[in-house]
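Data first, discussion second: the structure below is written as structure tokens.
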Amino acid sequence: MDTSFRLLPETASTMASQVDGLYFFLNAVAAFFALLIFVLIVYFSLRYRRRDESVRPAPVPTNLKLELLWTIIPFLITMVLFSWSARLFIQMSHSPADAMRINVVGKQWMWKIQHPDGQREINALHVPVGKPIELMMTSQDVIHSFYVPAFRIKQDVLPGSYSRLAFTPTKVGEYHLFCAEFCGDQHSGMIGKVVVMEPAKYDAWLAGTIPDEPPALAGERLFAQYGCMACHGQRGPTMAGLFGRKVELNDGTTVTADEQYLHESIFDPAAKIVRGFTPLMPSFRGQLTEEQVMQLIAYIKSLQYSQSTQEQQ
Amino acid sequence: MTPSQPIDPHALDRHHVQGLAHHFDDMDQQHEAATLGMWAFLATEVLFFGGALAGYAVYRSRYGDAFAAASHHLYLWIGVINTAVLLTSSFMMALAVNAAKHGNRKKVVTFLILTILLGLAFLCIKGIEYYLDYREHLVPGSIFEANWHEMFPHIDGAHPGSMMFLRQVQLFLMFYYILTGIHAVHMIVGISVMIVLTVKAARGRYTAEYNSPIDMAGLYWHFVDVVWIFLLPLLYMVQH
Amino acid sequence: MTTVPYSSSLGRETTYLNHSHKIRSWLLTLDHKRIAILYMISITFFFMIGGAAAVLMRLELMTPQGDLVKAETYNKLFTMHGVMMVFFFLIPSIPAVLGNFLIPLMVGAKDLAFPRLNLASWYLFMIGGLFALASLVAGGVDTGWTFYTPYSSTYSNSYVVLAVVGIFINGFSSILTGLNFIVTIHTMRAPGLTWFRLPLFCWSLYATSLIFILGTPVLAITLVLVGVERIFHIGVFDPSLGGDPILFQHLFWFYSHPAVYIMVLPSMGVVSEVITCFSRKRIFGYAFVAFSSVAIAVLGFLVWGHHLFVSGQSIYGGLIFSILSFMVAIPSGVKVFNWTATLYKGSIALQTPMLYCLGFIGLFTIGGLTGLYVASIAVDVHVTDTYFIIAHFHYIMVGGAVMAYMAGLHFWWPKMTGKMYSEWMGRFSALLIFVGFNLTFFPQFILGYLGMPRRYYAYAPEFQALNVLSSAGASVLGVGYLLPLLYLLWSLRWGKNAGPNPFRATGLEWKTSSPPPTENFEKTPIVNEEAYAYHRMEMTGDTVATH
């Protein structure tokens, strides 16, 4: 992700450059009228400044032509703006028949995503470049909003109904994914990334055979593959922000969630039960290799909201 | 103006015409102000009930079946009787206003008392109806949820859709209580105002020239009546 | 009410301020001018609370990590900022303070039509405010001032009901004030004061009052429904209970979009008064300015759906609300052009009220033009719920409404108190506020287009530079708002006497003494010319300020 200072967000979808086009036109219109008003005010204030206390300027009669002029011209400009933006909006709302459909569930405070072939991920969305995508979205609790600035798209995600969001990524890279509708305490932590990949790499990612894949990413795949997210975050404790935190246990003691603890919890889940939860989790001993457990731990480590959130908890 | 003059304008001209407030020029202006003020207030009231009715309309169009089923459990005959009571009360109010215009103190007091009594009758009947509703467990929340199968024996509780149906029934009940409750609050306010007016009328405060308070109370009372005329079919006679 | 004639050894005139000094004479007053002062003190108090919340938020946003307060606290801060500023400062600011004081004076009446209702609205306002404060003291509310469901009605663990009750009660205060203004303007105008001789301030407050009485009740009933869902768990808005969360948004914005015009229409009225006085010119295009106020009020009721472009309303719904939102820009533009044209060939004095007023026009122009961006539905999809929206509505509501409130306060302060403030301090603070405001909020347009969502207490590191700039601007702005508080208070004790008409303005309010006597005019004035007849005004003699 490019984190340098900039004045415009990255343009990474077919809509992005088109919305920017309208934005630049709006900038031109706004700059013209703002300057017109500012220059006139400053000029009049200097040119007609009060030199003599007793002066009584003659009234200027209302000029109907002028009034009509500055009613009709702005009206025409707004109609140009309306038709331009309406055309873009209709285009934006349309998704081609061959679009790849990905399911998105928003919940406090994470994005759960499932690809057409069943691959799951959390707070990340991997998509192939150049392929039209349609997201089918719903929420499990309150209203969220799926927002990718680099694509110039946003759609509220509502509980109790489905909303759609269509886009076609055009540039390989990693982009911000934000929740844009206030959804509670960790609203600003309900963020993630959209990873746009070359189609071949995307296929490899789906198949889970990415060469020199970072351990955290591999762990994320495993987390999805073994169905961990079916419980963790709901019936089970959430993994977000867990690593390094003090965890209170059922017997009243606390333990720090370090590598050792996580390892034990995967292979021998009943040993230490987090306060308020029931021991439901099966042991994964024999199912996971040590290497895979390390990858899972790497993934859990990566799930921090931000440094400070962790400090406070 | 000098400091030696009396300052309080109320003291200056409070009683130079009976009932004319100091800041109005004459009776006509005061009456015009009162009338316009009351109409503006009623416009506010229309929007107040309108907001709730908009919500009602959205859900009724969506959940017609549940709303109709729930509505059938209300006591339509009580609603009809209450409509008659309220309409008669409104008629008495009209007679009171008419009597006030002619400066007939005795008639004003009589008709106001009749209006109040009929209004109280409405509230009593409404109270009895609420009690009967309560006995039938027509109260959204835990009371309803524990007893719904008495009211809807044909509903299969195990069926996944039935939970939504029962929620929608409760939504209807909630609108029923909110709308009739707000209406009842308006009745209570109206009756309180009329009690004060009756006392003042009995003391001879209103004349053929000055009777806007009675006139305004009349407008308000008719409005409350009209609201009920809307509520009756909307709540008691839902068909799908 | 007991009133004690005041006479001092200095032989000072008896005014509405000094005819009695008892606390009772203030708390039970029926005088619109005293009620205006009560409102002025109360809203200043609420402004300080809202301002303090803003200061903490800007401090938190200096760094990308959340390090000053907890996320939960930050959420309560922006909610409190919004609730206090919108419902308890901006909405009552010009109407309840300046409108209350000036409308009877401007129409040549002794008081508003219903003085008791007027006092009742102040009490309702205070009770509402106390409920809102109670929610703050009890532990705060974390839903945002918009109270979006189902978060507010089901999920939030904060004191939503207290705040909602406060706003509900406060709504009736607005309704009664609006009702009073409408009736007063209709029925209590002085002889000869026809509709088209009315000062434009009255026109704009008339339009505002229409919104008060037609919009506020819808908000009230909506909040009742939120409260019911929260207390009884009946699904009005929560889909898991069978409700529809979008219905809340429709009902909420049906009031709350027009509420923006409640804030800005009175400002436009103030600007029309000030700009004519300090350019000694009749307003250019009186009828266009007057009717554009009404047009804004009416159109303002038809554009609420533009808050729902990404909420899931139909495409056609979105397009209709988009085109209507463009329409409402036209009358606003007409006003700006007419004000600018009023300056042409005038005799312009850049005194404090005029500086605030020109500041208003500049900031309102930017706020209005960025309104075109958000009316453009495709751009709004990108910028809605980001800092672009924050910047846009602060340009309208702070750059616009607060600037105009300051302009009006400085313009009529001599009338209200009989005292002149320090002109140099006034000009300095006007400049400070203008600069501080732009520094604070202009960077937020860029932040918003970059994609920084609103209501984030921790944000991506690349947004830091602009946020620091914004916080720096906010500190300038803060000083700019504190200064007037100091020098205006100072003027009460040490200011020069203003005289009846220090700015040599037209209008009936300047034809009585400063401060005015309780009954406003010694005898009912008669009007025989149009508003702003500066070209006919006598420029010498008794209208000059006395020291």
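The values are calculated or read from the model by the stated rules, or taken from the named source; none is laboratory data. Here the structure is a predicted model, which is why all the values come from computation and not from measurement. When we count neighbours, we look across all protein chains shown, and the Cβ atoms used for this are built from the backbone with ideal geometry, even at glycine. Areas reflect the complete protein model, heavy atoms only, side chains present, ligands, DNA and RNA absent. Shrake-Rupley method; radii C 1.70, N 1.55, O 1.52, S 1.80 Å.
Ignoring the sites themselves, what is the longest stretch of chain C with no GluC sites (Glu not before Pro) in a DSSP loop and at most 14 other beta-carbon atoms within 10 Å?
C:1-521
If one computes the Cα centroid of the range C:128-191 and of the range C:510-540, what distance in Å separates the two points?
If we compute the Cα centre of each part, the gap is 37 Å.
Mind putting a number on the dipole of the protein assembly as shown about its Cα centre? Charges go on the C-beta only, +1 for Lys and Arg and -1 for Asp and Glu, and I need it in Debye to the nearest 20.
On the way: 69 positive and 68 negative charges, 690 e Å.
For this selection, approximately 3320 debye.
Using only Cα atoms, tell me the angle between helix A:290-302 and the longest principal axis of chain A; keep it within 0 to 90° and round to the nearest 10.
Relative to chain A, helix A:290-302 is tipped by roughly 30 degrees.
Could I have the simple spin-label model distance between C:Y123 and C:I526, label points 7 Å from Cα toward Cβ, reported in nm to one decimal?
With each label point 7 Å from Cα toward Cβ, the separation is 4.1 nm.
With an 8 Å Cα cut-off and a minimum separation of 6 or more residues, compute the relative contact order for the range B:30-236 in percent. Before the final figure, lay out the partial values.
On the way: 177 pairs, mean separation 75.1, N = 207.
Once normalised by length, the contact order is 36 percent.
Need one word for chain C: rounded, prolate or oblate. Basis is the Cα gyration tensor (sqrt eigenvalues a ≥ b ≥ c); a/c below 1.5 gives rounded, then a/b vs b/c decides.
Prolate is the answer for chain C, as a/c is 1.5 or above and a/b outweighs b/c.
Relative contact order for chain C: what is it in percent, counting Cα pairs under 8 Å that are at least 6 residues apart?
17
Past 32 Å, Cα to Cα, is the threshold; run A:K112/C:K76; C:K22/C:K419; A:K272/C:K76 against it and keep the listed order.
Over 32 Å apart, Cα to Cα: A:K272/C:K76.
For the pairing of chain C with chain B, what total accessible surface becomes buried, with a 1.4 angstrom probe, in square angstrom to the nearest 100?
Chains C and B together bury approximately 3600 Å².
Under a straight-distance cross-link criterion of Cα-Cα below 18 Å, which aspartates and glutamates are reachable from C:K345, leaving out those fewer than 8 residues away in the same chain?
Within the straight-line limit of under 18 Å, C:K345 reaches these aspartates and glutamates: A:D52, A:E53, A:E67, C:E273.
Spin-label point model (7 Å from Cα, Cβ direction): what's the A:Y226 to A:V55 distance in nm?
Spacing of the two 7 Å Cα→Cβ label points: 8.5 nm.
Post the alpha-carbon centroid distance, the range C:403-424 to the range A:115-145, in whole angstrom.
57
If ligands, DNA and RNA are left out, what is the accessible area of B:D25 with a 1.4 Å probe, given in Å² to the nearest 10?
Probe radius 1.4 Å; accessible area of B:D25 about 90 Å².
Using Cα centres only, tell me the gap between the range C:197-274 and the range C:291-361 in whole Å.
About 18 Å separates the Cα centre of the range C:197-274 from the one of the range C:291-361.
Excluding same-chain residues fewer than 8 positions from C:K496, which aspartates and glutamates have a Cα within less than 19 Å of its Cα?
Answer for C:K496, where 19 Å is the Cα cut-off: C:E13, C:E423, C:D542, listed by chain and number.
How high is the FRET efficiency from A:T289 to A:T254, r the C-beta distance, R0 51 Å, rounded to 0.05?
Working: r = 30 Å, r/R0 = 0.59.
So the FRET efficiency works out to roughly 0.95.
Could you please state how large a percent of the accessible area of the range A:215-312 is carbon and sulfur, counting protein chains only and using a 1.4 Å probe?
Answer for the range A:215-312: carbon and sulfur cover 53 percent of the accessible area.
Can you give me the solvent accessible area of A:C228 with a 1.4 Å probe, rounded to the nearest 10 Å²?
Its heavy atoms expose roughly 30 Å² to the probe.
Mean Kyte-Doolittle hydropathy of -0.5 or higher plus an axial Cα length of 27 Å or more: which whole DSSP H helices in chain C meet both?
Both cut-offs are met by C:32-60, C:115-138, C:160-187, C:200-232, C:245-279, C:315-343, C:352-375, C:423-450, C:464-494.
Would you be so kind as to identify which of C:W412, C:A378, C:G368 lies farthest towards the positive end of the dipole of the range C:349-484, taking Lys and Arg as +1 and Asp and Glu as -1 on Cβ and the Cα centre as origin?
Looking along the dipole axis, the top candidate is C:W412.
At 222 nm, what value in deg cm²/dmol follows for chain C if DSSP H runs of at least 4 each add -39500 (n - 2.57) and the sum is divided by all its residues, to the nearest 500?
Working: 16 runs with 332 residues, N = 547.
When only DSSP H runs of four or more count, the value is -21000 deg cm²/dmol.
Determine the relative contact order of the range A:152-219: mean sequence separation of Cα pairs under 8 Å and six or more apart, normalised by residue count, in whole percent.
24
Taking a ≥ b ≥ c as the square roots of the eigenvalues of the Cα gyration tensor of the range B:30-236, is the shape rounded (a/c under 1.5), prolate (a/b larger than b/c) or oblate?
Working: a/c = 3.63, a/b = 2.36, b/c = 1.54.
Prolate shape, in that a/c is at least 1.5 and a/b is the bigger ratio.
What is the distance, in nm, between label points placed 7 Å from the Cα along the Cα-to-Cβ direction at C:L68 and at C:I320?
4.5
Return the lysines within reach of A:K201: Cα separation strictly under 21 angstrom, same-chain partners fewer than 8 residues apart disregarded; answer none if there are no such residues.
A:K131, A:K171, A:K193
What does the extension gain come out to for A:S4 and A:D203, with contour length at 0.36 nm per residue minus their alpha carbon separation?
68.6 nm
Could you state how much accessible area is buried at the C-A interface, both sides summed, with a 1.4 Å probe, in Å² to the nearest 100?
Adding both sides of the contact gives about 8000 Å².
Label 7 Å along Cα→Cβ of A:A28; the range A:75-114 residues with amide nitrogen under 19 Å?
A:75-88
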